[in-house]
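Quick note: the coordinates plus some simple rules give every number you see, no bench work behind them. This one's a predicted model, so the numbers in the text were calculated from it and none came from an experiment. Cβ placement follows ideal geometry from the backbone for every residue including glycine, while neighbour counts extend to all protein chains displayed.
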Amino acid sequence: MKSQHVDGENREKIFLFALSTCGWCKKVRMLLENLGLEYDYIYVDLLEGAERDEAVEELRHCNPQLSFPTLVINDEKCIVGYNKSKIMEALE
């Protein structure tokens, strides 16, 4: 599964499952960038075939509802939706 990488401060392993047309997904990306953090993201709606199936299956482990945005921190913390206070707490 090919994701996009954004350079920044490497404090946590941060991965964002997003949709290219989702305003809330964009807000999460903007928050991470404003914090200057390194992270990876994938726009699930732009994937096709096996790559899309792989992304959906990986997302399902953390978020069975398959809703967006889904932020995964250190492969253990999962934050669904744009919730700034939860995101900030998880990153501290």
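Projected label points at Glu38 and Gln65, each 7 Å from Cα along the beta carbon direction, are separated by 3.2 nanometres. Under 24 Å of direct C-alpha separation, and excluding same-chain neighbours fewer than eight residues apart, Lys86 reaches these lysines: Lys13, Lys26, Lys27, Lys77. log₁₀ I(q)/I(0) of the chain at q = 0.11, 0.24 Å⁻¹, via Debye over equal Cα point scatterers, no solvent, to two decimals? Those come out to -0.27, -1.35, one per q. What is the Cα centroid distance between the stretch 64-84 and the stretch 16-54, reported in whole angstrom? Spelled out, the Cα-based centre of one part sits 11 Å from the other. Between Lys2 and Val56, the contour length at 0.36 nm per residue exceeds the Cα-Cα span by 18.1 nm. The antiparallel fraction among DSSP beta bridges confined to the stretch 4-91 stands at about 70%. Applying 1/(1 + (r/R0)^6) with R0 = 25 Å to the Cβ-Cβ distance of Leu46 and Val80 gives a FRET efficiency near 0.80.
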